[in-house]
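Participant: Got a structure here, written out as structure tokens. Questions coming.
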Amino acid sequence: MALKVKAVERLLKFSNDPKDPGVYRYVMKPEMYSSLNQTKVIKEAALRSGVSQGVMKACWDAAGEVIKAWATEGHAVALPGLGTMRFGLRSKSVENVNDVKTGLIKSRRIVFTPSVDLKDELAATAIQITCYDRDGKEVKRVTSTSGDIEDPENENQNGGSGTSSQTGGGLPEEGD
């Protein structure tokens, strides 16, 4: 299994100056798969554990309530095999303690910290990149053969762990 990534050619502008023509750059982002609904996840978990779907749903709902209650009390809550989840926020800072107030809080967030095992699994997963030009035409595909990422500055040490195939007209390399 590989992580799928899109690299789409986009016009980027770095100022609000209308005379700024901008530059085209390939911007990468993960391709989002469909969201798995709770019923499908419960069914799969029940199948893998040998527990009935009704019991699994009751456990799932109870675990969700416990996680929500503990996280909103300020605890970092363990998520089995994944890591921890906790409450966080973004706020402005002030110099004077008398200026501290709840209005300084700009957003409340959920902070997820992945486990070492999950980070290692992600690092070992291959990556497939599909490149699209500004007209939406596929121009290149790059697929790593493992979790290794190419490092052009240390190419001799890396041994070229990734492979690349081009479709269409291809993309010029720097210096061409």
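The values are calculated or read from the model by the stated rules, or taken from the named source; none is laboratory data. These figures come from a predicted structure and were not determined experimentally. Cβ atoms come from the backbone with ideal geometry, glycine included; neighbour counts cover every protein chain shown. Note: areas computed on protein heavy atoms with side chains; ligands, DNA, RNA excluded. Shrake-Rupley method; radii C 1.70, N 1.55, O 1.52, S 1.80 Å.
Participant: Which ones in the stretch 79-89 are open to solvent by 70 Å² or more (accessible area, probe 1.4 Å) and in a strand (DSSP E or B)?
Facilitator: Scanning the stretch 79-89 gives R86, F87, L89.
Participant: Among the residues of the stretch 112-135, count how many are over 19 Å from K4 (Cα atoms), without any contact (Cβ under 8 Å) to a residue 24 or more places away in the chain and in a helix (DSSP H, G or I).
Facilitator: Final tally of qualifying residues: 1.
Participant: Let me ask something additional. Out of contact with any Leu (no Cβ under 8 Å at 6 or more places or on another chain) and in contact (Cβ under 8 Å) with a residue 24 or more places away in the chain: does that describe K57?
Facilitator: no
Participant: With the requirement that a residue be open to solvent by less than 90 Å² (accessible area, probe 1.4 Å), within 24 Å of G88 (Cβ to Cβ) and assigned to a helix (DSSP H, G or I), what does the stretch 27-74 give you?
Facilitator: Matches in the stretch 27-74: A63, G64, V66, I67, A69, A71.
Participant: Ok, one more. Has the stretch 90-108 got at least one residue that is assigned to a strand (DSSP E or B) and within 28 Å of L3 (Cα to Cα)?
Facilitator: no
Participant: Name the pairs: first residue in the stretch 14-41 and on the phi < 0 side of the Ramachandran plot, second residue open to solvent by 90 Å² or more (accessible area, probe 1.4 Å) and among the hydrophobic types (A, V, I, L, M, F, W, C), Cβ to Cβ under 9 Å, at least 6 apart or on different chains?
Facilitator: Going by the 9 Å Cβ cut-off, the qualifying pairs are D20/F14; V23/F14; Q38/W60; V41/W60.
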